[in-house]
Amino acid sequence: MQVFIVGAGPGDPELITVKGQRLLKEADVIIYAGSLVNPDVLKVAGKDAEIYNSATMTLPEVIDKITESVEQGKMVVRLHTGDPAIYGAIQEQMDELKKRNIEFEVVPGVSSFLATAAALKQEYTLPDISQTIIITRDEGRTPVPKRESLKSLAAHQATMCIFLSVHMIEDVVKELIAGGYDKTTPIAIVHKATWPDQKVIRATLETIAEKVKAENITRTAMIVVGRCLETDYSLSRLYAPEFSHMFRAASK
Ligand code: SAH
C-alpha cells in the first residue's frame with residue numbers, strides 16, 4: 001500500500017491517530033489541506049519529505065501528484081482535517097484513484113464536531129433531551145438538498161452540529177427559528193477547537209449573531225444547537241444502580 005488518505009484531527013497535533021502519525025513520519029510525499037490542517041501536525045514528517053499544500057491545487061493536480069509519486073515508488077499521505085469522510089471532498093479523489101488502479105487506505109480522524117463537544121465539556125446525547133446528532137451545514141456555494149434544509153432538520157429538535165456556516169450565522173438562526181426552535185434555545189460556537197487560540201461562545205438563538213460579529217469569527221467554527229446545552233436532563237440508565245445490563249446486575 002502506497003497511498004493513505006489520513007484524518008489529521010481537529011488541530012491539536014496530539015489528536016491525530018497513532019497510525020496517522022506513523023504514516024506521516026514514513027511518507028515520502030505529503031499533500032495536506034492547508035486551509036484547515038494545523039501545520040504543527042506536519043512537524044513529524046521526515047526531513048526529505050516533499051510537502052504540498054492542496055489549498056492552491058486543483059483536483060487534477062492533486063491526482064497527478066499522487067499518480068506520479070506512486071509511479072516513482074514513493075509513499076503518499078493525503079492529509080485532511082478532522083475525519084476525511086466529513087466535508088472532505090475525498091470521494092472524487094478516491095474515484096479517480098480507483099480509475100487509475102491505484103490502491104489506497106483511509107485512516108479516520110477525530111472530527112471537529114467531537115473536538116467541539118470536548119471543548120464544551122458536553123455530551124450530545126442526553127436521555128430525554130436528544131438521542132440524535134444531526135451533522136449538517138447551511139447552504140452556501142455548495143448546494144444542500146431541499147429536504148435537508150436547516151429549517152426542516154430543525155423540526156427534530158435533536159442536537160445539531162452545523163459545519164461550514166458561521167459566516168452565515170444570521171441565516172442559520174433564522175432557519176432554525178423558522179423550523180421550530182424557540183429563540184431562547186441555547187447555542188454554542190467553538191472557533192478553532194483544540195488549537196491554542198480556541199474560543200468558545202455561548203448564547204441563545206436570539207443573541208448569538210451579535211456575539212459572533214463582536215468576536216469577528218468568520219470561519220473554522222462549529223455551531224452546536226440544542227437543549228442538551230441546558231443543564232436539566234435525566235440521568236443515564238447505563239449507570240443507574242437499579243438498572244441491570246450485560247456487564248452488571250442491579251444493586252438492591
Ligand atoms: N473533515 C472536517 C470538516 C471539514 S469542513 C472534520 O471532520 O472536522 C470545515 C469545517 O469544519 C469548518 O468550516 C468548521 O465548521 C469545521 N471545523 C474544522 N476544524 C474545526 C475546529 N478545529 N474547530 C471548530 N470547527 C472546525
Using distinct alpha-carbon pairs, which all enter the 1/r mean, Kirkwood radius of the range 62-199 in Å: 17.5
With the 1.4 Å probe rolled over protein heavy atoms, the range 3-107 has an accessible area per residue in Å² of 49
Contour minus Cα-Cα span, Glu26 to Val200, at 0.36 nm per residue, comes to 59.1 nm
The local net charge around Lys19, scoring Lys/Arg +1 and Asp/Glu -1 for residues other than Lys19 whose Cβ lies under 12 Å from its Cβ, equals 0
For Val107, list long-range residues whose amide hydrogen, built 1.01 Å from N in the peptide plane, is under 5 Å from its own amide hydrogen. Ile5, Val6, Gly7
On Cα atoms only, tilt of 59-71 relative to the major axis of the chain in degrees: 50
Everything considered on the Cα gyration tensor (a ≥ b ≥ c; rounded for a/c under 1.5, else prolate if a/b is larger than b/c, else oblate), the range 1-76 must be described as oblate
Sorting Lys183, Lys199 by accessible area (1.4 Å probe), largest first, what list results? Lys183, Lys199
When all alpha-carbon pairs of the chain are counted, what percent fall beyond 35 Å? 27
Could you sort the peptides 75-88, 35-48, 167-180 by per-residue average Cβ neighbour count (10 Å cutoff), highest mean leading? 75-88, 167-180, 35-48
Under 19 Å Cα-Cα from Lys174, which aspartates and glutamates qualify once same-chain neighbours fewer than 8 residues away are excluded? Asp138, Glu139, Glu148, Asp182, Glu206, Glu210
For Lys98, which lysines qualify as cross-link partners when the Cα separation must be under 27 Å and same-chain residues fewer than eight apart are set aside? Lys19, Lys25, Lys65, Lys74
Below 12 angstrom from the Cβ of Arg137, what's the summed charge of the other residues (Lys, Arg +1; Asp, Glu -1)? -4
FRET efficiency for Asp171 and Leu238 from the Cβ-Cβ distance with R0 = 45 Å, rounded to 0.05, comes out at 0.75
Whole-number D in µm²/s for the range 151-226 (Stokes-Einstein; Kirkwood sum over Cα pairs; 25 °C, 0.890 mPa s): 200
Working from the alpha-carbon coordinates of the range 195-252, get Rg over Rh, Rh being the Kirkwood radius. 1.26
Percent antiparallel among DSSP beta bridges with both residues in the range 112-229, to the nearest 5? 75
Centre separation in Å (Cα based) which lies between the range 110-159 and the range 40-97: 28
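The values are calculated or read from the model by the stated rules, or taken from the named source; none is laboratory data. Remember, predicted model here, so these are calculated numbers, not experimental data. Neighbour counts run over all protein chains shown; Cβ positions are idealised from the backbone, glycine included. Protein only, heavy atoms only, side chains kept; ligands, DNA and RNA dropped before computing areas. Shrake-Rupley method; radii C 1.70, N 1.55, O 1.52, S 1.80 Å.
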